[in-house]
Amino acid sequence: MPSPTSAHTALVEQLLRLSEQRLLDPLEILLQSAEPLATARTYLRAAVETQAAQLLGRDEQLARQAAARVIGALYPGDQPFDPPLEWWRTPLGQVVARRVGHPATEAVPYSVAGAMLGVTRQGVHDLVNRHKLDRHPDGGVRTESVRARLLAREDGNTWGTT
């Protein structure tokens with residue numbers, strides 16, 4: 001696990017990049033100019049710093065609310081949130097996994113659980129068989145058990161102390 005400072009920096013960089021790509025760049029194309037967005041970019045950086053601090057901070061409820069806001073703003077759509085497996089390894093994916101598990105479902109396939117945990121599908125299968133993860137009655141793994149496993153691995157770590 002990276003230090004709190006490097007985790008914050010990596011999260012800010014990812015949030016800023018995503019926010020600019022998904023929110024400001026389309027506006028720049030429509031307006032045919034970057035000039036009107038200069039002030040918005042300044043405000044965006046400050047907002048992203050705040051979101052990152054909330055996501056990594058000690059207040060669990062505030063972190064969960066921040067995760068919901070970020071996902072809702074950066075990944076809008078009519079379909080349930082279903083990021084690719086690689087997303088779970090990003091700074092944002094890792095903090096969402098720790099704070100809310102999978103925000104759109106109570107159970108995930110073994111492949112998604114593995115991506116969230118940073119292990120293989122076989123590793124997830126082994127964890128389920130050893131009762132370290134909870135199998136969902138409808139198949140897959142309970143998201144809350146994946147989240148609990150991530151949090152248990154952090155015992156003694158300083159993650160989330162910014």
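The values are calculated or read from the model by the stated rules, or taken from the named source; none is laboratory data. Since the structure is predicted, the reported quantities are computational estimates derived from the model, not experimental observations. Please note: Cβ atoms are built from the backbone with ideal geometry, for glycine as well, and neighbour counts cover all protein chains shown. Side chains are part of the model used for accessible areas, which takes the heavy atoms of the whole protein and leaves out ligands, DNA and RNA. Shrake-Rupley method; radii C 1.70, N 1.55, O 1.52, S 1.80 Å.
Averaging 1/r over each pair of different alpha-carbon atoms in the range 1-138 and inverting the result gives 16.5 Å, the Kirkwood hydrodynamic radius.
With the charge dipole of the chain set up from +1 on Lys and Arg Cβ and -1 on Asp and Glu Cβ about the Cα centre, the Cα lying farthest toward the positive end among the listed residues LEU27, LEU44, LEU11 is that of LEU11. Residue separation of LEU151 and GLN61 scaled by 0.36 nm, minus their Cα-Cα distance, works out to 30.9 nm of gained length. In this rough spin-label picture, where each label sits 7 Å from Cα along the Cβ direction, the ARG45-THR90 distance is 2.1 nm. In the frame of its principal axes, the range 67-162 has Cα extents of 38, 34, 20 Å, reported largest first. Relative to the dominant Cα principal axis of the chain, helix 143-153 is inclined by about 90°.
Across all Cα atoms of the range 37-113, the radius of gyration (one decimal) and Dmax (whole number) stand at 13.5, 44 Å.
The local environment of GLN94, defined by Cβ-Cβ distances under 14 Å, has a net charge of +3 under the rule Lys, Arg +1 and Asp, Glu -1. Charged side chains reduced to their Cβ positions (Lys and Arg at +1, Asp and Glu at -1) give the chain a dipole of some 480 debye around its Cα centre. Accessible surface calculations at 1.4 Å, restricted to protein heavy atoms, place the chain at 56 Å² per residue.
Spatial offset of the range 133-154 relative to the range 1-48 amounts to 32 Å, using the alpha carbon center of each. How much net charge surrounds GLY123 when only other residues with a Cβ under 14 Å from its Cβ are counted (Lys, Arg +1; Asp, Glu -1)? That sum, taken over residues with Cβ under 14 Å, equals +4. Taking the accessible area of the chain, probe 1.4 Å, and keeping the other protein chains in place, the carbon and sulfur fraction comes to 52%. Contact order, relative form, for the range 54-99: 41 percent (alpha carbon pairs under 8 Å, 6 or more residues apart, mean separation divided by residue count).
Charge tally around ALA47: other residues with Cβ under 11 Å, Lys/Arg +1 each, Asp/Glu -1 each, net +2.
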